[in-house]
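Structure, as structure tokens:
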Amino acid sequence: MARKSDTGSSSAIDGRTGRIVAAIILAIGIGVLAYLGRESFLPPPIEEEVALPELAACFERRLGAVETMRSENLLNDAQYEMFKSRAEAFCIYRHGDADSVPPASQ
């Protein structure tokens, strides 16, 4: 049996209007996905200077001392990394991070 072509009754979804609506929906979907993932497309913001002057001064003092010890060959590479990370952790604990509230004084 041969199939009859149905030329007289076509819906709007099958024609030009349906394609235009589908293209609009596709464009909106791509726009929403691009907006939600914009942080992965854009470069990270430029780091601003440390907001807390006490924290910056502590970093300068403590990390300066670690750099001095390394330049005098008192520390090997493993010790240097450990001392550096401990100095940073001490300053952040003592004076707070720029993104958080400083801890209460002891």
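Quick look at the numbers
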quantity	calculated
Every pair of residues 6+ apart whose Cβ atoms lie under 7 Å, when the first sits in segment 74-96 and is in the same structural domain as Arg61 (by TED's automatic domain parsing) and of a type in the set (A, V, I, L, M) while the second is surrounded by 12 or more Cβ atoms within 10 Å (Cβ to Cβ) and in a helix (DSSP H, G or I)	Leu75/Met69; Leu75/Phe83; Ala87/Arg62; Ala87/Leu63; Ala87/Val66
Any hit, segment 41-49, residues being in a helix (DSSP H, G or I), at pLDDT 80 or above and of a type outside the set (S, T, N, Q)	no
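The values are calculated or read from the model by the stated rules, or taken from the named source; none is laboratory data. Being a predicted model, the structure only gives us computed values, none of them experimental. Neighbour counts are summed over all protein chains in view; Cβ atoms, including those assigned to glycine, are modelled from backbone coordinates with ideal geometry.
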